[in-house]
Structures are given as structure tokens and as C-alpha cells.
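Q: Let me give you the structure first, and then I'll get to my questions.
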Amino acid sequence: MTKAVAASGFRLDVASPATLAVAGELGFDTAKDALQAMQSALVADVRISRLDLAGVTRSDSAGLACVLAVVADVRGRGRSLEVAHMPAGMRALAQVCEVDRMMG
């Protein structure tokens, strides 16, 4: 499954049966659409246990909030979700906000 959301500037791809890859921008302009798309993908495919952010080209606090919401939603359903390849800027923001340990 590949879900492209070109107008919003981000893309989702189920790269392997267990990985949801996010590419493009995760920010104020895309966070709402990205959150809905990621949650839908994770509900539709319970095999996904990894969120790969290697393709994220730009992120801000809204992007971080989006990722945190996705992780919380999945964990609230009794599943685990590993966040991989978090961009350096997002990781730094997570550390400053003291939410980095919530990412696993």
C-alpha cells in the first residue's frame, strides 16, 4: 500500500509488512492530514509495529505532536510502535520538551 498525499506535502508507504514509512513534511500545514492518514493506516494493518521517519524532510512542533499522538493511539490499543530514524530536529525538540522517552 502506498498512500500519497501530495497536496499536503507528505507521503505514507507500507514499506514492509511491519513498517509504515513517512516521507515529506510533518509540520503545521500537514500535521492534521498526516495524523489522520497514519492512524487510518495503523488501524487498517495491525501488523505494523514500526514508524519509519527517515523520509521526513522537514518537521516542527506540530509534526512532533502528530508522531506523539500516533504512538499514544497505538499504545492505547494495546500494541507497540517503534519510532525509527527520527530527524535530528524533531529528536532535539522532543528532548527539550522532555517527551523523547515517550517515543520508545
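The values are calculated or read from the model by the stated rules, or taken from the named source; none is laboratory data. Just so it is clear, the model here is predicted, and its values are computed rather than measured. Quick reminder, even Gly has a Cβ in these numbers, built from the backbone with ideal geometry, and neighbours come from all protein chains shown. The area values use the complete protein model at the heavy-atom level, side chains included, leaving out ligands, DNA and RNA. Shrake-Rupley method; radii C 1.70, N 1.55, O 1.52, S 1.80 Å.
Q: If you count only protein heavy atoms with a 1.4 Å probe, what accessible area per residue comes out for the chain, rounded to a whole Å²? Write out the running numbers ahead of the final one.
A: Details: 5360 Å² over 104 residues.
Roughly 52 Å² per residue, with all protein chains present.
Q: Out of Ala88, Ser59, Ala37, whose Cα points farthest toward the positive end of the dipole of the chain (charges: +1 Lys, Arg; -1 Asp, Glu; placed on Cβ)?
A: Farthest along the dipole direction, towards plus: Ala37.
Q: Percent relative contact order of the chain, based on C-alpha pairs within less than 8 angstrom and at least six residues apart? If you can, show how the numbers build up before the last one.
A: Numbers: 171 pairs, mean separation 25.4, N = 104.
Normalised by residue count, the contact order of the chain is 24 percent.
Q: Same structure again: At a 1.4 Å probe radius, which order do Glu25, Glu82 fall into by accessible area, largest first? Mind dumping the intermediate values first?
A: Details: Glu25 70, Glu82 95 Å².
So the residues, ranked largest to smallest area, are Glu82, Glu25.
Q: Something else: Starting from the Cα gyration tensor of the chain, take the square roots of the eigenvalues, sort them a ≥ b ≥ c, and report rounded, prolate or oblate (rounded when a/c is under 1.5, otherwise prolate if a/b is larger than b/c, else oblate).
A: Oblate, since a/c reaches 1.5 and b/c is not below a/b.
Q: Then there is this: In what sequence, largest accessible area first, do Asp100, Asp60 appear using a 1.4 Å probe? The partial results should precede the final answer.
A: Details: Asp100 60, Asp60 35 Å².
Final ranking, largest accessible area leading: Asp100, Asp60.
Q: For the stretch 44-104, what % of the accessible area comes from carbon and sulfur atoms, probe 1.4 Å?
A: Working: 1740 of 3230 Å².
Carbon-and-sulfur percentage of accessible area, whole number: 54.
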